[in-house]
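The values are calculated or read from the model by the stated rules, or taken from the named source; none is laboratory data. Treat the numbers as computed from the prediction; the structure is a model and nothing was measured. Here the Cβ is made from the backbone with ideal geometry for all residues, glycine too, and neighbour counts use every protein chain on show.
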Amino acid sequence: MRLKQADASITRPITDRVKEALFNIIGSDIINSRILDMFAGTGSVGIEALSRGASYAMFLDVNSRAIDVINSNLSVTKLSDKGNVQQVDAFEYLGRSKKDKFEYIYIAPPQYNGMWITALERVDNNLEWMSNDGWVIAQMDPSEFTEYDFKNLFLFDKRQYGNTVLAFYNMLGDENCRS
């Protein structure tokens, strides 16, 4: 199903190829999981997770036009009852007291500002947002990627698809890494 697209100036779209690769990596572990789609844009990652059996998706975006597109896409796909859309700054949201635990936290902020590292730092400092075997997945341009030492998260996989890198993190000491 084709989703409504937002203006490219306010979103960082994920290509179908990268999205398919992402969900091939996650596999059947997506079933009954909960996903936080940060900087959600059109909501395509969270909606794909729901369509593959995730039980819940939280969509965060600060832009009102993106929020309208996400709500429209959830309505068209008939998945509105499994999604919660919040117009909020993702960094501010992660600074709040934990309300939900997620098996997957997907981070795809605007490019070239180092925001993916800031978002990972926020999760790293507030692990209550993650389930015990949760993953944080950051999407970025290859020129943005750098090795970074976090207190509690470690990079366990990195894949490049053209001009997109997906970096996969989970908690240090997680013996249940699903890679």
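Worth a mention:
- Scan of the range 146-163 for residues that are at pLDDT 95 or above, under 20 Å from Ala21 (Cα atoms) and not acidic (Asp, Glu), ordered by number: Leu155, Phe156, Lys158, Arg159, Gln160, Tyr161
- Residues in the range 18-61 that are out of contact with any Ser or Thr (no Cβ under 8 Å at 6 or more places or on another chain), of a type in the set (Gly, Ala, Ser) and on the phi < 0 side of the Ramachandran plot: Ala21, Ser28, Ala40, Ser44, Gly46, Ala57.
- Filtering the range 73-119 to residues that are among the acidic types (Asp, Glu) and part of a loop (DSSP other than H, G, I, E, B) leaves Asp89, Asp100.
- Restricting the range 120-153 to residues that are assigned to a strand (DSSP E or B) and small (Gly, Ala, Ser) leaves a set whose member that is surrounded by the fewest Cβ atoms within 10 Å (Cβ to Cβ) is Ser131.
- Residues being part of a loop (DSSP other than H, G, I, E, B) and crowded, with 23+ Cβ neighbours inside 10 Å - total across the range 43-63: 2
- Contact annotation: residue pairs with Cβ atoms under 9 Å, 6 or more positions apart or on different chains, pairing a residue in the range 116-142 that is polar (S, T, N, Q) with a partner that is assigned to a helix (DSSP H, G or I) and crowded, with 16+ Cβ neighbours inside 10 Å, are Thr118/Phe91; Asn125/Leu94; Asn126/Leu94; Gln139/Val18; Gln139/Leu22; Gln139/Val45; Gln139/Trp116.
- Near pairs, Cβ below 6 angstrom, 6+ apart or cross-chain, from the range 81-105 (crowded, with 17+ Cβ neighbours inside 10 Å) to any residue that is of a type in the set (Gly, Ala, Ser) and at pLDDT below 95: Glu103/Ser131
- Members of the range 160-172 that are assigned to a strand (DSSP E or B) and either without any contact (Cβ under 8 Å) to a residue 60 or more places away in the chain or within 11 Å of Ile117 (Cβ to Cβ) (or both): Gln160, Val165, Ala167, Tyr169, Asn170, Met171
- Selection within the range 147-159 - without any contact (Cβ under 8 Å) to a residue 24 or more places away in the chain and out of contact with any strand residue (DSSP E or B) (no Cβ under 8 Å at 6 or more places or on another chain): Asp149
- For the range 1-42, the set of residues classified as at pLDDT 90 or above, of a type in the set (S, T, N, Q) and surrounded by fewer than 16 Cβ atoms within 10 Å (Cβ to Cβ) consists of Asn24, Ser28, Asn32, listed by residue number.
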